[in-house]
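Taking it in order: structure first as structure tokens, then the write-up.
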Amino acid sequence: MLAACFPAPRSYTGEDVVEISTHGGLVVPAAAVAAFVVAGARLAEPGEFTRRAVLNGKMDLLQAEATADLIDAGSPAQRRRALHQLERGLSGRLAALRQEVLELEGLIAYDIDFPEEDEGPVSEARVRGAWDVVRGRISDLLRTAPEGERLREGALLVIAGRPNAGKSSLFNALLGTERAIVTEIPGTTRDAIEAHAVIEGFPFRLIDTAGLRDSDERVERLGIEVSRKYLAAADLVLFCRDSQDDEFPLDRAPVVEVVTKGDLADRPSPRPPDRLSVSVVTGAGLDALRKRLAEVAFGQLLALGDVEPVVTRARHRAALERALTEIDAFGAARAAGIDAAATATHLRAAVLALDDLIGVVTPDDVLDRVFATFCVGK
């Protein structure tokens, strides 16, 4: 057994910490934990060490969430994004945004304190310019939310097409393993099959679905109904065409069309140019398809690279939407000539929304929700 001491404040939690290392396996660590519990210790709650780090000012709430994301990362893109947030990429951007709102609030406060001046000490153009900058920065962050949240969960990619169009073969090829049953008999797939895959470094949830057609067979009809439900919820649809007459039956986007069984001589033309031709037998076209799927599902993140911060959680998006609503309300009130003191209340509410996001003052119930997803101790 080895004991390492980390005195406060230069420890992970900011408190005095002793880390015990034992031999591996199940019995020895369990016996050591039992001995400590008998001596008066208790088991840590989920996320307790990171929660203590937040409460002791060692990290903010966004960095704590990034710690959990890093632990759960299943793809290179998820790992890189978690590290960027852990290194205060998003926190720094929000802190700067918060400061800009405070400066705008300061301009209005100056107007309130010196109402006797003819045109006010601060020009309307200056206030409008500061408002435009703040609103633009919030909007830019919110635009990253759909793909950022998709990155955390994995893009829901539904593979659809008529029976025997090569859907299950393509599902297996993208997955890299024989997960779905493949036969030449139309209607082999009766239920949706889901599996996780990493494509071009990004996380996807692949769904192989029953072939879309009119059927009198009860079980097949149930499978087709399940297929349509997945299609309605999909982030991206991969539509497999086996003939020129195949058309995607639903009006939704985005859809990537692919001509399957490209190794056969009687395949339809892969035109228009945005339609790909692939063969799971020879592997032709699969690399191009993987790149296309990543571009369609995560195009904005690919353009941003790993430099710009991204909103990755619904909590982040909700707080920024509240802040944007208050900023817009301030602009509308200002344009309507409402008293400066009344308009300033919207700026104060926007600052509070950003404070909630960063965790400047965080109620216990918010902390409970954030750390409930952590594994024990972390």
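Does ARG218 qualify as being more than 15 Å from LYS167 (Cβ to Cβ) and at pLDDT 65 or above? No: the conditions fail for ARG218. Scanning the stretch 28-43 for any residue that is small (Gly, Ala, Ser), touching a strand residue (DSSP E or B) at 6+ places or on another chain (Cβ under 6 Å) and open to solvent by less than 50 Å² (accessible area, probe 1.4 Å) turns up nothing. Against the numbered list (1) within 30 Å of ALA8 (Cβ to Cβ); (2) open to solvent by 40 Å² or more (accessible area, probe 1.4 Å), ARG80 comes up short only at (1).
Taking the listed residues ALA323, ALA332, the one that is surrounded by fewer than 14 Cβ atoms within 10 Å (Cβ to Cβ) and at pLDDT 95 or above is ALA332, with no other qualifying.
Screening LEU302, LEU289 for residues that are open to solvent by 60 Å² or more (accessible area, probe 1.4 Å) and either more than 27 Å from ALA68 (Cα to Cα) or free of Cβ contacts under 8 Å to residues at least 40 places away in the same chain (or both) leaves exactly one candidate, LEU302.
With the structure loaded, tell me whether ASP72 is acidic (Asp, Glu), open to solvent by 80 Å² or more (accessible area, probe 1.4 Å), under 30 Å from PHE204 (Cα atoms) and modelled with pLDDT under 95 or whether it fails that test. The answer is yes for ASP72. On the given criteria, is GLN63 open to solvent by less than 40 Å² (accessible area, probe 1.4 Å), in a helix (DSSP H, G or I), in contact (Cβ under 8 Å) with a residue 40 or more places away in the chain and closer than 30 Å to PHE202 by Cα? It is false that GLN63 is open to solvent by less than 40 Å² (accessible area, probe 1.4 Å), in a helix (DSSP H, G or I), in contact (Cβ under 8 Å) with a residue 40 or more places away in the chain and closer than 30 Å to PHE202 by Cα. PRO115 passes every criterion in (1) over 30 Å from ILE199 (Cα atoms); (2) at pLDDT 95 or above; (3) surrounded by fewer than 20 Cβ atoms within 10 Å (Cβ to Cβ) apart from (2). Looking at THR189, THR183, THR209, just one residue is modelled with pLDDT under 90, under 14 Å from LYS167 (Cα atoms), over 19 Å from the mean Cα position of the chain (by Cα) and surrounded by fewer than 18 Cβ atoms within 10 Å (Cβ to Cβ), and that residue is THR183.
The values are calculated or read from the model by the stated rules, or taken from the named source; none is laboratory data. Since this is a predicted model, take the numbers as computed values, not measurements. Neighbour counts run over all protein chains shown; Cβ positions are idealised from the backbone, glycine included. Just so you know, the surface numbers come from the protein's heavy atoms only, side chains and all, with ligands and any DNA or RNA stripped out. Shrake-Rupley method; radii C 1.70, N 1.55, O 1.52, S 1.80 Å.
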